[in-house]
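The values are calculated or read from the model by the stated rules, or taken from the named source; none is laboratory data. It should be emphasised that the depicted structure is a prediction, and the values quoted were computed from it without experimental measurement. Cβ sites come from the backbone with ideal geometry, for glycine too, and all protein chains shown count toward neighbours. Accessible surface is based on the protein model in full, side chains and every heavy atom, while ligands, DNA and RNA are left aside. Shrake-Rupley method; radii C 1.70, N 1.55, O 1.52, S 1.80 Å.
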Amino acid sequence: MKKIFYVLFTLLGVSLILAPVAKAQDTYKIGAAIALSGSIAVYGEGFKKAIDLATEEINGKGGAKGKKIEILYEDNKSTPKDCVTAVRKLITVDKVPVIIGPAASSNFMAAAPVAQESKVVMLSAQGAAPALTKAGEYIFRVFPSDVLQGKGISDLCLQLKYMEVPIMYVNNDWGLGLKNVFVENFKKAGGKVTDEIPYDEKKTDYRTELIRATKGNPKAVVNLTYIVEGSVMFKQAYEMGINTQWICGSAAKAPKLVELAGKAVEGIIGTYPVFSQETKDYQAFRSLWMKKYGDAKIPIFGEYNYDMVHLIARAIDQGGYTSDGIRKALFEVAKGYRGVTGDKTFDQDRGVGSEYGVWTVKDGQIIDYKK
Amino acid sequence: MTFLLQSIFNGLLAGCIYALFAMGLTLIYGVLNFVNFAHGELIMWGAYFLYLFMESPLGLPLPIALIPALCLTILLGLSMDRFAFKPLRQANRLTLLITALGLSFFLRNGAQLFWGAELRTYGFEIKRGWKIFNISITTNQIAIILTTLVCIAVVYLLLHRSRIGKSMRAVSDNLELARVAGINTRRTIRFAWIMSSSLACIGGILLALDTNLQPGMGMINLVKAFAAILLGGVGNIWGALLGGIVIGFAENLGVLIISTGYKDAIAFGIMVLLLLLKPPILYGSQD
Amino acid sequence: MIETRGLSKSFGGIQAVSNCTFALKDHAITGLIGPNGSGKTTLFNLITGFIPPDRGEIYFKGKRIDGLLPHEVAIGGIVRTFQITRVLPRMTVMENMLIAPPRQTGEKFRSLWFNPKTIRKEERENRKKALELIDLVGLSHLKDQFAQNLSYGQQKLLELARGLMANPSMILLDEPTAGINPIMIRTIMELITKMKEWGMVFFIIEHNMDVIIELCGWIFVLDNGEKIAEGRPKEIQNNPRVIEAYLGI
Amino acid sequence: MDLFLHLWVMIFIYTIFAMSLNLEMGYTGLFNFGHVAFFGIGAYVSALLTLHQVPFEFALVAALLAAGLLGFLLSIPSLRLRGDTFGIATLGFGEIIRMVFQNEVWLTKGPMGLPGIPKPVLFSYRFATLPQYLLLTLGFSVLTFLVLRIIIRSPLGRAFKAVREDEVAAVALGKNIFHFRIKSFVIGSVLAGLAGTLWGHYTTFISPGDFTLLETILVLLIVVLGGKGTELGPLVGAVVLIFFQESLRFLRLPAEWSRYLAPLQQMIFGSLLIFLMIYRPEGLLREKGAGR
């Protein structure tokens, strides 16, 4: 009994010692509580690449306010619980004034109150839930909210004259939120949603859901899916000989989807927040990417993460390395800032707007959809 | 109508896979009298082993890659027994169950360490299914049904015609008695693991052929297999088969009525309902 | 005290007990003998409610007890031991004893908070009684040991003492001397005799004829689930049907 | 320092959670693999009520009642099930409850989760800051510990242990084992509900993803590691496990390793369970009376 408590205290001591010894501040540290493991680690890896690229570029040009910036990654394990721990650690142990927040909206929203409470700026480059920044004035997003995209999908359906569609969506915060916006807009515009089919993430078999969705042979089916789920589903739909027009959201627009599902995704269309890939900035970004990683497979939302790091660096440059400085400067540096993803001016809810485009898969390539 | 037929066919298909898993699980349950939670991971590793041999640098064709994959899965099954369960032969059920749970957790994350959490495929060209009576059937699906039938036949012959099968059934009935009667229980247990692992490997590969590979693929389907076993009667091979098919049907037909969000609840619902209707097992906990 | 009428039970076609009618008279110790598989333990299980009978009735002190759940039978005053001892292995000897008294106030969740005084008093009394009994069976030096650390014979003693602790009207002993050494058999026999003097009533299944003859005032003989004889030990010893059943002629 | 306070809050919440499972598993021998469901019910009921302006005191009581009621309902089929079968049934039950959280969007907002759960106010004292919350969780841990201690050392606790050890013997001594099983299960569920409530109000955000099998495994490991059937085991297990889990964060390993670290850590958890079962099934602390 005694021995065990002895061991416990030693353990406690060790963990205390392991706590970082305060080093001289030779860099500006930025926290990043992103998913490096767990269910959405597939996305997290891509984000990290984009963030690293931006950091390297900024430091190559002398960093921010005379010092280099450094990203402290903290794994959020894709669960809300660990997001809270990760953010808390970044705030209290590493004492960062600004944090790149978790990706999935639910994870982000779990961690946001912690940042707000501690008055630390937290940004999201991919959370799409409308209520994302509600936690307070320290919470920002550089990604357009679902309100816009949901309307975009609804408009697309109307434009293509699909007045009666069933909707399938991945049963998580993103899918449900987008579905709600879509249904609301679609109904308002006179469309009819024939069936709503939520499905679980990470399944290997979606035939049952597909059968139910295609009951009555609808001309088009709206499917708000992720990469992995989408690839399984479209493959199975192809095998089952389902002939319908698939309409997706932005989360499925990824080279990985085509890689996984091959010709089964040929002809699917979807909306995505659009930004011109013809601008000089974008070309520069792409060539930087190719130089660093050797391919042009820019991961989904990679551009947003890239822009976000640039915004943070600029904010530090202008407002200084304090959370309030960064918070105030963010509005100013973002005003009229055109990164690779277009205008990043923050609105009063600390979010950004965007235009929506339509993508499609043709001959194994993701291209802009033209009627 | 097509729609109903397709559901029934899909139910049959899912049932076949569940049945393969359930049979493997029930074999171990019969001989060692505990639920091997880690069976799902045998399934998953079986599928990944095939992937290992089919991908570069080896790039073997499927029929050849099947052989080392099967061997490795059996080896994994045997080492599971050797290192985790054998030291606990005399332990109580709770201990065994927790061990199996830990093992399952260990192996699942092991696969993730090796191959990552992302989805993988064997990389076959996808094909449109054939239309028979307006329901679509793919080559893989025919293979699943045929393989299941072959597996059932082999299991049946092994259990009822071979000597080792007979001793297995004897051990199933009563381990102590079998030992007294001069049956080599060690060999029998080893054989049970070999059979169980082979079934897991084959089932896993079929599942992955039909769908994809993912570290969590075993666990999800194993839970259904549990339900199938309970449905068909614990330790009963044929019950497992029947239970698997019933669960497959119920899931596929059930979601036509209720929300698909509850698809996985159907198997459990059936299970709980059945347990409530069954006569209470009052004092059987000590057998 | 115990009376059965036309008691029958079969397991998958095998008639374990068939049409058994008997009445335990006022003897302090009654024996139940019979060859292996003659249905003795089944009869015990039927009386104590562990197995429901197919047909027939069981009475205890004039009240019908078949159909009661086993714990109800036990609370009613019939406590049993088992052929293979069933002590509670990972509980101490003392705890094994203290578990026995029926209807303890402290077993009710509510009284834990509203009636702690009564509980403390009960505990004190039970503990005192348990100590006496443990002492009687000679296990006092082991009272804080887990029961699993006891030898088989000691476990038998503990089970016996625990049965007494339950304060029953009657104890059913299923082969109290099986599997233990002759010295321990002696100890147990002496204990049973002593308890008999205190007024405890026993019903014993036993294979060891010496034990049965010495202890019992009345003996029933079972063969193939049927009662084939009953009487005083001397009569049973000379009964031709009993000899036949035992020798298997 | 805040991080340490945070860790201790987590430790105390998990200690309560583990103590509740310990009562069921360690003392009564019930295989409950769906324990996280009760944790979740506690969190959801209390969160929903307080979000609708119900005072925390009432919300807490309602949450505990809801968890207890659910435990009671689930324990009824347990009358018909043998140990491991019951374990699987509870596993399934846990999943079904999670699916309800996920799919009953009108009530639980489904996968969107419930943000902005207010900090608890007990008798007009608001537990808002970390030290205050630590005090709250510490208080409830001590309370839980004391309640369980009284139960365990009472004849009731003894009867639970008898049910765990040998149901047949317990029955033969006139114990209504179903009665005791139900009692243990209901008490355990209520306490798990308490842990869940504290957790929900601490993070201020809950979603169905918080209540998966992983949590059950973690709490199971805490109980087994600390020593099932011991009074202090859950605390010891929680301290060791949570510090171990979080100390990895301080090693400052390259971010690229995370991909491997998380599965590796869970592999360690898994193998720890196996090793404990084989070499030290009694855990760090032993039950009294073990002798050898």
Original post:
With each run of n ≥ 4 DSSP H residues scored as -39500 (n - 2.57), what mean residue ellipticity at 222 nm is computed for the protein assembly as shown after dividing by its residue count and rounding to the nearest 500 deg cm²/dmol?
Top reply: -18000 deg cm²/dmol
Original post:
How many Cβ atoms of partner chains, on average, are near each residue of B:124-132 if near means within 10 Å of its Cβ?
Top reply: 3
Original post:
Okay, which of segment D:165-208 sit inside 16 Å, backbone N to the point 7 Å along the Cα-Cβ direction of D:Glu104?
Top reply: D:207-208
Subject >> Degrees between helix A:173-188 axis and first principal axis of chain A (Cα, 0 to 90, nearest 10) >> reply: 40 degrees
Original post:
What is the calculated FRET efficiency for C:Phe114 to C:Ile213, with r their C-beta to C-beta distance and R₀ = 56 Å, to the nearest 0.05?
Top reply: 0.55
**OP:** Assuming R0 = 60 Å, can you tell me the calculated FRET efficiency for the pair D:Gln53 and C:Lys234, based on Cβ-Cβ distance, to the nearest 0.05?
**Re:** 0.10
Subject >> Heavy atoms of D:His6: accessible area, 1.4 Å probe, square angstrom to 10 >> reply: 0 Å²
Subject >> Minimum 10 Å² accessible area buried by the other protein chains, segment C:32-75 residues, probe 1.4 Å, relative to alone >> reply: C:Phe50, C:Leu69, C:Pro70, C:His71, C:Ala74, C:Ile75
Original post:
Quick one: if you stick a label point 7 Å off each Cα along the C-beta vector at C:Lys25 and C:Lys121, how many nm between them?
Top reply: 4.4 nm
**OP:** Can you tell me which of B:79-86, B:23-30 comes out highest on packing, and rank the rest after it, using the mean Cβ neighbours within 10 Å?
**Re:** B:23-30, B:79-86
Original post:
For chain C, what is the relative contact order in percent, using Cα pairs closer than 8 Å and at least 6 residues apart in sequence?
Top reply: 27 percent
Original post:
So how do B:His160, D:His201 rank on accessible area, 1.4 Å probe, biggest first, that is with the largest at the start?
Top reply: B:His160, D:His201
Original post:
Under a 5 Å amide H to amide H cut-off, with H placed in plane at 1.01 Å, what residues pair with A:Met168 once short-range neighbours are removed?
Top reply: A:Ile197, A:Val222, A:Asn223, A:Leu224
Original post:
Between segment A:278-311 and segment A:243-257, how many Å separate their Cα centres?
Top reply: 22 Å
Subject >> Listed residues D:Lys228, D:Lys109, D:Lys183, most fluctuating in chain D (Gaussian network, C-alpha, under 10 Å) >> reply: D:Lys109
**OP:** Report, to the nearest 10°, how far helix A:80-92 tilts away from the longest principal axis of the Cα atoms in chain A, using its own Cα long axis and a range of 0 to 90°.
**Re:** 30 degrees
**OP:** Let me know the mean shielding of A:88-95 by other chains, meaning the per-residue number of their Cβ atoms within 10 Å of its Cβ.
**Re:** 4
Original post:
Which angle from 0 to 90°, rounded to the nearest 10, does the C-alpha axis of helix A:105-117 make with the longest principal axis of chain A?
Top reply: 30 degrees
**OP:** Take each uninterrupted DSSP H stretch in chain D, measure its Cα extent along the helix axis, and return the ones at 27 Å or beyond whose mean Kyte-Doolittle hydropathy is at least 0.0.
**Re:** D:2-21, D:56-75, D:83-103, D:130-152, D:177-203, D:258-279
Subject >> Interface burial for B against A (accessible surface, 1.4 Å probe, total of both chains, Å², rounded to 100) >> reply: 3000 Å²
Original post:
Which of A:Glu45, A:Glu278, A:Glu209 moves most in a GNM of chain A, Cα contacts under 10 Å?
Top reply: A:Glu278
Subject >> Dimensionless Rg over Rh [segment C:103-249; C-alpha; Kirkwood] >> reply: 1.09
Original post:
For the protein assembly as shown, what is the charge dipole size about the Cα centre, in debye to the nearest 20, if Lys and Arg each add +1 at the Cβ and Asp and Glu each add -1 at the Cβ?
Top reply: 840 debye
Original post:
Given 0.36 nm per residue, what is the gain on full extension from B:Lys86 to B:Tyr122 after removing their alpha carbon distance, in nm?
Top reply: 9.5 nm
**OP:** Choose one answer from B:Gly11, B:Gly244, B:Gly110: the residue with the largest mean-square fluctuation in a GNM of chain B with alpha-carbon springs under 10 Å.
**Re:** B:Gly110
Original post:
Counting only complete DSSP H runs, which helices of chain B cover 27 Å or more along their long axis at the Cα atoms and score a mean Kyte-Doolittle of 1.6 or above?
Top reply: B:2-32, B:139-161
Subject >> Contact order relative to length of chain B, as percent, for alpha carbon pairs under 8 angstrom and 6 or more apart >> reply: 38 percent
Original post:
To the nearest 100 Å², how much accessible surface do chains A and D cover up together, summed over both, with a 1.4 Å probe?
Top reply: 3900 Å²
Original post:
Say the cut-off is 27 Å between C-alpha atoms; which of A:Lys187/B:Lys127; A:Lys280/A:Lys335; A:Lys235/A:Lys292 go over it?
Top reply: A:Lys187/B:Lys127; A:Lys235/A:Lys292
Original post:
If you rank A:Leu330, D:Leu214 by how much accessible surface each has, with a 1.4 Å probe, what is the order from largest down?
Top reply: D:Leu214, A:Leu330
**OP:** Eight or more residues apart or on different chains, and alpha-carbon atoms under 14 Å: count the Lys pairs in segment C:99-149 matching that.
**Re:** 4
Original post:
Peptide A:227-239: average number of partner chain Cβ atoms within 10 Å per residue?
Top reply: 4
Original post:
If packing is taken as the mean number of other Cβ atoms within 10 Å per residue, what is the order of A:353-363, B:203-213, C:7-17, highest first?
Top reply: B:203-213, A:353-363, C:7-17
**OP:** Only loop residues by DSSP count here, and only those with at most 14 other Cβ atoms within 10 Å; note down the trypsin sites (Lys or Arg not before Pro) in segment D:135-164 that meet that.
**Re:** D:Arg153
Original post:
Put +1 on the Cβ of each Lys and Arg and -1 on the Cβ of each Asp and Glu in the protein assembly as shown; which of B:Asn212, C:Leu88, D:Phe275 then has its Cα farthest toward the positive end of the dipole?
Top reply: C:Leu88
Subject >> Where labels lie 7 Å past Cα in the beta-carbon direction, separation of A:Glu196 and D:Leu65 in nm >> reply: 3.1 nm
**OP:** Report the extension gain between B:Asn134 and B:Ser162 in nm, rounded to one decimal, defined as 0.36 nm multiplied by the number of residues separating them, less their alpha carbon distance.
**Re:** 5.8 nm
Subject >> Virtual spin-label span in nm between C:Ser8 and B:Ile257, 7 Å along Cα→Cβ >> reply: 4.3 nm
**OP:** Report the accessible area of C:Asp26, computed with a 1.4 Å probe over the heavy atoms of all protein chains in place, in Å² rounded to the nearest 10.
**Re:** 150 Å²
Subject >> Per residue value of the accessible surface for the protein assembly as shown (all protein chains in place, 1.4 Å probe), Å² >> reply: 38 Å²
Subject >> Rg/Rg_globular for the protein assembly as shown, with Rg_globular taken as 2.2 N^0.38 Å and Rg from C-alpha atoms >> reply: 1.04
**OP:** At a Cα cut-off below 16 Å, give the aspartates and glutamates reachable from D:Lys119, other chains included and same-chain residues fewer than 8 away excluded.
**Re:** A:Glu117, D:Glu57
**OP:** State log₁₀ I(q)/I(0) for chain A at q = 0.07, 0.09, 0.11, 0.13 Å⁻¹ as given by the Debye formula over alpha-carbon point scatterers of equal weight, solvent excluded.
**Re:** -0.33, -0.54, -0.77, -1.03
Subject >> Cross-link pairs A:Lys161/A:Lys188; A:Lys161/A:Lys370; A:Lys179/A:Lys370; A:Lys134/A:Lys344; C:Lys25/C:Lys227; B:Lys263/D:Lys109 - those with Cα-Cα distance over 21 Å >> reply: A:Lys179/A:Lys370
**OP:** Give the Rg/Rh ratio for chain D, taking Rg as the radius of gyration of the Cα atoms and Rh as the Kirkwood radius, to two decimals.
**Re:** 0.97
**OP:** Mind putting a number on the dipole of segment D:2-210 about its Cα centre? Charges go on the C-beta only, +1 for Lys and Arg and -1 for Asp and Glu, and I need it in Debye to the nearest 20.
**Re:** 420 debye
